[in-house]
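To keep things clear, I will list the structure first and then write my remarks on it.
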Amino acid sequence: MEYPLITLYESLYKSFGPQHWWPARTKFEIIAGAILTQQTTWKNVEKAIENLRKEHLLSVKNLGEAPLRKIEKLVRPVGYYRQKSKHLKGVSAYLLKHCRGDLNKFFRKETKTLRKELLMLRGIGKETADSILLYAGEKRVFVIDAYTRRVLQRLNLLVENDYDKIRRFFEKNLPKNIKIYREFHALLVKLGKEFCKRKPLCQSCPVLKEGLCPGKL
Ligand code: SF4
C-alpha cells in the first residue's frame, strides 16, 4: 500500500459525506435488519421492518413470543422468509434466555465472547455478527462484505481472500475509532454499489480522480 488506509477513508468521506448507518431506531432493530438483509436489497428490508413495527414485533420479547407463521407473513418481502423468520425467532429466544431481552446487558460482555456467541446462532455468519457488534453493540469490529472485498482487490490491497484476515487488516491499519469503522464500512458499500460495480465506472469514480486507484485495466 502506497498510502495509509485512512487516506482512502478520508477521500470517500469527502466525496460521499456521512452515510448515517445503521438506519434503525433501536439495537434490536439493527439485529433484525442485519439478519433480514442477507441476500436482498435494503428496500425489501425496510418493508419487512415496517411490517414488524406495525405489529409491535420489534422487541426481543414480542418477536420471540410471536407465532412463526405471523413473522413469515410480515417478513415475506425479504425472500428466504421462512428461514429468516426462524433465525429471528431463534435469536430472540436466545436473548430472552440469556439476558431476558436486555440488550444493554448482553452487549456489556467482551467483544470476543459476544462474537463467539453470535456465531453459534443459526442465520448469523461473520458479516452479520460483526454488523451487529459494530452497529448495535458499539464494539470496535470492522465489517467485511462483498463490496469491500471487490474494492480491495481492485486497489491491489487484497492479500488473501479470508474474512478474518481482511478484518484484521482494517483493524490494524485504522485509528482505533468506532465512528471511523462505522462510516468507512458504509462508504465502501456506497463505492461498491455506485462505482466499483461488477462492471466498474472508473472514469467517474472519485477514488480514481484522487489518484488512489489505477482503475480496472
Ligand atoms: S477506479 Fe474503478 S476499480 Fe478503482 S475503486 Fe473506482 S471503480 Fe473501482
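The values are calculated or read from the model by the stated rules, or taken from the named source; none is laboratory data. Note that this is a predicted model, so its numbers are computed, not measured. All Cβ positions, even for glycine, are placed from backbone atoms using ideal geometry, and neighbour counts span all protein chains on display.
Side notes on the structure shown:
- Count of segment 44-103 residues, restricted to those that are within 18 Å of Arg25 (Cβ to Cβ), surrounded by fewer than 14 Cβ atoms within 10 Å (Cβ to Cβ) and hydrophobic (A, V, I, L, M, F, W, C), is 0.
- For Trp42, the conditions (1) in contact with a helix residue (DSSP H, G or I) (Cβ under 6 Å, 6 or more places away or on another chain); (2) modelled with pLDDT under 95 all hold with the exception of (1).
- Qualifying residue in segment 193-205 (condition: in contact with a Cys (Cβ under 9 Å, 6 or more places away or on another chain), assigned to a loop (DSSP other than H, G, I, E, B) and loosely packed, with under 13 Cβ neighbours inside 10 Å): no
- Any hit, segment 89-100, residues being over 21 Å from Asn51 (Cβ atoms) and not in a helix (DSSP H, G or I): yes
- Condition check for Pro175: more than 16 Å from the ligand (Cβ to nearest atom), assigned to a loop (DSSP other than H, G, I, E, B), in contact (Cβ under 8 Å) with a residue 40 or more places away in the chain and of a type outside the set (Gly, Ala, Ser): yes
- Condition check for Arg122: surrounded by fewer than 17 Cβ atoms within 10 Å (Cβ to Cβ) and assigned by TED's automatic domain parsing to the domain that holds Gly64: yes
- Subset of segment 60-88 [out of contact with any Asp or Glu (no Cβ under 9 Å at 6 or more places or on another chain), closer than 21 Å to Met120 by Cα and either outside any helix (DSSP H, G or I) or of a type in the set (Gly, Ala, Ser) (or both)]: Gly64, Tyr80
- Top-ranked residue of segment 123-143 - restricted to ones that are of a type in the set (Val, Ile, Thr) and in contact with a Ser or Thr (Cβ under 9 Å, 6 or more places away or on another chain), ranked as nearest to the ligand (Cβ to nearest atom): Val143
- Considering residues of segment 178-204 that are of a type in the set (A, V, I, L, M) and near the ligand (Cβ under 9 Å from one of its atoms) only, the residue farthest from Pro18 (Cα to Cα): Leu201
- In segment 144-160, the count of residues that are within 21 Å of Pro18 (Cα to Cα) and away from the ligand (no atom under 16 Å from the Cβ) is one or more.
- When the test is whether a residue is buried (at least 18 other Cβ atoms within 10 Å of the Cβ), modelled with pLDDT of 95 or more and either farther than 29 Å from Val60 by Cα or touching a Phe, Trp or Tyr at 6+ places or on another chain (Cβ under 8 Å) (or both), Ile132 does not pass it.
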